[in-house]
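Since the structure comes first, as structure tokens, the remarks are kept for the end.
What follows is calculated from the coordinates using simple rules that are stated; it is not laboratory data. Being a predicted model, the structure only gives us computed values, none of them experimental. Note: ideal-geometry Cβ built from the backbone for every residue, glycine included; neighbour counts use all protein chains shown.
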Amino acid sequence: MKTTRPESVPLPPSAPVQPTERTLHGETVVDAFGWMRDHADPRLREYLVREREYFDGYAREIGPLIDELVAGAGRRKVGERPFSWRLGDHEYSTRLADEGGRYTRYVRRELSEDGEPEVVLDLGDLAKGHDFTRIGLFEPSPDGRWLAYSVDHVGYESYELRFRDLATGTDLPRTRQETYYTGAWDASSSTFVYVVHDAAMRPYRVLAHDLTADPGVPDAVLWNEEDEHFTTTVRTTRTHDWLVITNQSRTTTEELLLPTDDFTATPRPVMPRRHGRVYFADHQRTTREDRLVALVAEGREERRLVGLPLAELETQQWREILERRADTAWQRLDVFAAGLLLSGHRRGTTVFTLLGPDGATRDVTPASPGGCLIFEGRRDALRVQMDQRTTYEADDIVLTEHTLSGPPRYWRLSLRTGACDALDEVAVAGFDPGDYRTRKLFAESADGTAIPVTIAHRADVRPDGGNPAVVFCYGAYERPWEPVFSQEVLSLLDRGFVYAIAHVRGGGELGRCGWFDGSMLATPQSFRDLAAARDHLVATGWAHAGGVVAHGSCAGGVAVGQAYTDTPGKWAGVVAEAPACDLLNAMLDEKLPLTVNEWEEWGDPRDPAIYRSMREYVAYENVSDLPRPPLLVTAYANDPRVLVHEPARWTAALRQADTHGNTILLRTELGDGGHHGPSGPAQVARAAAEITAFVVESATRGMAAGVDDRVQGTTA
């Protein structure tokens, strides 16, 4: 789609051309921008700066809309409901302390006392003087004396581990560099276990730091994972009796146990490492038995629940507790003394299954059409891992119900009876939930599979074929993309948009089979699912044929990149946030972060079949000159997951090929900030508003101009 460039916007920049060749499987491909893989080349920074200046020129043209979006989000304040948990003699909780609601303050109080809690860690203080701040872990010791926490001020997800004396509120001089997520204390609160990453950002080594030892004493190595297909994390069981070292590839799991009172013991495997078997295990200790329970699957099968007394672990004679269900994809297990809680998806909707002490099962599903349920005890507002915060002895837990069209609702679930009672709702200033609706549709994909599509819209919007729309997709890593209320979505709904999430294959909403059917050689299936979701919205009148914008982030950028390449006539615009648009070259470079581990997700192009498949669908491999819809690509200079040269190379190649005046924009965060963007409240709000404004502009122009599905180069 040809668009008009405002006179005040400068001519688009061009990147230097320095051809290199790639020869593989008898084919030679010339790459004009291979030099960008060298991030030390000053030409890359110069090009990114020019592209950012070009984007900023575009943003100035729509500045009033961006300002309006920022102001609107600021007027609608989401109320706070802190998460709290007990550990030892203290209750810890989180609070959003700053005006923008971005930085978390961690506080605690002694259970035996009333009054104001003390501040344990204030991320606002940590953020002072830094453009970016994110913490990787927050682990108070069981005795309440120490705090282990880690911080990243760059965005590369390489954290500095620090130790704070909670009696004085001061940090110890000892720190550890290049640490990754997850950590755990021993039973005596004197030794902290943590994970470090290698040069490719793969967490692989487990170390134990003894705070009672001389600071110069090297930390003990508990595990060193040599297989580069595997990443390593640590946690304790909810009983805190065992340390669990988890080695995980995309298709295989091995978990090792160490008693928390003796880290010098030999690790015991829960189940031996066997290719194709994935599992998650935890410890259940009651007056009747002391056992391990595990959620396990092999190959394409859905997970089933099994158990085994700890005393019989060496026999590996696991007994089935709950058989697998073909219609239910359990993905998570939480173990309590009162019962076992499984969570997953059934036909694309979240479901919690409670197995009580009486052996009966009870299902809990969202009350709202198109909603999802989340056990919020797993992570805080900044995604810090909090898997085992809710105590093992808990009689009830809090579930949060999220929708696209309203703030979270909270439910208290009894682990003994299965009763689910509503708690007070969180208020949003200037917001009436009755003004909006959410629902779930099903689109038929090309092979006949029903693809769930969650949509939200204003209450007065009707399926009359006249609505602008956004279709968001992810579709990878067996990760479900759940609907969550946000100011950005609300801004679009207020402007008459229908907002949709296409739960395409490759994600976790359709279970193990859904992941297998959208990964490796089957990756292109997720593209067809995305197109089916769009076509269904148009056919049922929920979307105007000329006003649908595709939006994908990271792995979702693979799908929207293909949509931009192969079906441009279906879209009024495309947003690709930190898109994995150069997968083939990334999967050929073993030195890049995460590459080897991700061969079991996307495939290894050294395999001729994988190579041919990637050559057909990877966006950077298929740049051509066609009239295309407006494109907004985002990138982050310090992103360790999608390196900045990948979206930069795609943008440069598109510009070089274009003779139609297509709108092509690259918005790069040039300062500190990682895969999820900046952390400062003002920066976050502005970046979100710029993306939303692009969506509004693209859909408005597309509806005015009309989109023809028969445009040259479009495929159904």
Can you tell me the dipole magnitude for region 133-285 around its Cα centre, using point charges on the Cβ only (Lys, Arg +1; Asp, Glu -1), in Debye to the nearest 20?
-> 440 debye
Kindly write out, for region 206-215 in residue order, the coupling ³J(HN,Hα) from the Karplus curve 6.51 cos²θ - 1.76 cosθ + 1.60 (θ = phi - 60°), rounded to whole Hz, with x marking Gly and Pro.
-> 9, 10, 10, 9, 8, 6, 8, 8, 4, x
Got a sec? How would Cys372, Cys473 order by Cβ neighbour count within 10 Å, fewest to most?
-> Cys372, Cys473
Once you sort the root eigenvalues of the Cα gyration tensor of region 323-456 as a ≥ b ≥ c, which label holds: rounded (a/c under 1.5), prolate (a/b larger than b/c) or oblate (the other case)?
-> oblate
Any idea what the dipole of the chain comes to, in debye rounded to 20, about its Cα centre with Lys/Arg Cβ at +1 and Asp/Glu Cβ at -1?
-> 1560 debye
For Gln331, which sequence-distant residues (separation of 5 or more, or a different chain) have an amide H within less than 5 Å of its own amide H, given hydrogens modelled in the peptide plane?
-> Ser343, Gly344, His345
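Going by average Cβ neighbours within 10 Å, how do the peptides 352-360, 38-46 rank, with the highest at the top?
Listed from highest to lowest mean packing, they are 352-360, 38-46.
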Which order, highest average first, do 23-32, 260-269 follow once you tally other Cβ atoms within 10 Å for each residue and take the mean per peptide?
-> 260-269, 23-32
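For the chain, please report how many Lys pairs fall under 30 Å Cα to Cα, leaving out neighbours fewer than 8 apart on the same chain.
Close lysine pairs under the 30 Å cut-off: 4.
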Give the calculated FRET efficiency between Asp171 and Arg274 to the nearest 0.05, with a Förster radius of 56 Å applied to their Cβ-Cβ distance.
-> 0.85
Would you mind ranking Arg291, Arg528 by Cβ crowding within 10 Å, fewest neighbours first?
-> Arg291, Arg528
Rounded to the nearest 500, what is the 222 nm mean residue ellipticity of the chain from helices alone, with -39500 (n - 2.57) per DSSP H run of 4+ residues and division by all residues?
-> -6000 deg cm²/dmol
Quick one: helix 556-566 against the long Cα principal axis of the chain, what's the angle to the nearest 10°, folded into 0 to 90?
-> 20 degrees
Before anything else, pin down the relative contact order of the chain: Cα pairs under 8 Å, at least 6 apart, normalised by residue count, whole percent.
-> 12 percent
Everything considered on the Cα gyration tensor (a ≥ b ≥ c; rounded for a/c under 1.5, else prolate if a/b is larger than b/c, else oblate), region 133-285 must be described as oblate
With a ≥ b ≥ c the root eigenvalues of the C-alpha gyration tensor of region 71-214, is it rounded (a/c under 1.5), prolate (a/b larger than b/c) or oblate?
-> oblate
Karplus-derived HN-Hα couplings along region 43-60 (A = 6.51, B = -1.76, C = 1.60, θ = phi - 60°), whole Hz, x at Gly and Pro | 5, 5, 4, 4, 5, 4, 5, 5, 5, 5, 5, 5, 4, 4, x, 4, 5, 5
Nearest-0.05 FRET efficiency for Ala71 and Thr700 at R0 = 25 Å, using Cβ-Cβ distance, is 0.80
Whose amide H sits under 5 Å from the amide H of Ile321, counting only residues 5 or more places off or on another chain, with H placed in the peptide plane?
-> Leu305, Val306, Gly307
Residues meeting the amide H criterion for Thr634 (H placed from the backbone, H to H distance under 5 Å, 5 or more places apart or on another chain) are Ala576, Glu577, Ala578, Arg667
Could you give the angle, 0 to 90 degrees to the nearest 10, between helix 645-657's Cα long axis and the longest principal axis of the Cα atoms of the chain?
-> 10 degrees
Specify the inter-centroid distance of region 248-288 and region 504-536, based on alpha-carbon positions, in whole Å.
-> 31 Å
Region 584-594 - phi-based ³J(HN,Hα) in whole Hz, Karplus 6.51/-1.76/1.60, Gly and Pro as x | 4, 5, 5, 6, 8, 10, 5, 7, 6, x, 6
Based on the Cβ-Cβ distance of Asp210 and Glu600, what FRET efficiency does E = 1/(1 + (r/R0)^6) give at R0 = 41 Å, to the nearest 0.05?
-> 0.70
Please check which bits of region 509-536 a label hung off Glu444 would reach, taking the label as a point 7 Å along Cα-to-C-beta and the cut-off as backbone N under 20 Å.
-> 525-536
Compare the peptides 635-648, 407-420 by average per-residue count of other Cβ atoms within 10 angstrom and give them in order, highest first.
-> 635-648, 407-420
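Given 0.36 nm per residue, what is the gain on full extension from Arg362 to Glu320 after removing their alpha carbon distance, in nm?
13.3 nm
What is the extension gain from Asp38 to Asp494, computed as 0.36 nm multiplied by their sequence separation minus the C-alpha to C-alpha distance, in nm to one decimal?
Values: separation 456, 0.36 × 456 = 164.16 nm, distance 4.40 nm.
Residue separation times 0.36 nm, minus the Cα-Cα distance, leaves 159.8 nm.
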